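Participant: Mind looking over this structure? Questions follow.
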């Protein structure tokens with residue numbers, strides 16, 4: 001059984017804690033991350049200045065933050 005592999009190719013900040021995430025198959029998701037920003041790793045992203053430092057990791061094609069937080073591209077795709 002084959003599982004698709006998703007790559008994040010673009011994102012744009014839409015609102016606080018909300019990103020429009022585009023994938024290599026020309027689909028996109030608008031994701032409100034606020035409900036997931038809890039705990040030791042994701043909680044610090046409630047600071048807008050840290051959340052807005054999001055980047056695409058070009059090795060694994062997903063969203064990453066300077067504190068080490070990231071999401072699996074498949075999780076983002078099916079958010």
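Just so it is clear, none of the values below were taken in a lab; they were calculated from the coordinates. As the structure is a prediction and not an experimental result, all values here were calculated from the model. Note that we place each Cβ from the backbone using ideal geometry, even for glycine, and neighbour counts take in every protein chain shown.
Participant: Those residues that are assigned to a loop (DSSP other than H, G, I, E, B) and surrounded by 13 or more Cβ atoms within 10 Å (Cβ to Cβ), I need them from region 26-39; list them, please.
Facilitator: Going residue by residue through region 26-39, those that are assigned to a loop (DSSP other than H, G, I, E, B) are 26-27, 33, 37-38.
Once the filter is applied, which keeps residues that are assigned to a loop (DSSP other than H, G, I, E, B) and surrounded by 13 or more Cβ atoms within 10 Å (Cβ to Cβ), region 26-39 yields 33, 37.
Participant: Related question: Which of the residues that make up region 40-79 are in contact with a helix residue (DSSP H, G or I) (Cβ under 9 Å, 6 or more places away or on another chain), within 16 Å of residue 19 (Cα to Cα) and in a helix (DSSP H, G or I)?
Facilitator: Within region 40-79, 42, 45, 46, 50, 51 meet the criteria.
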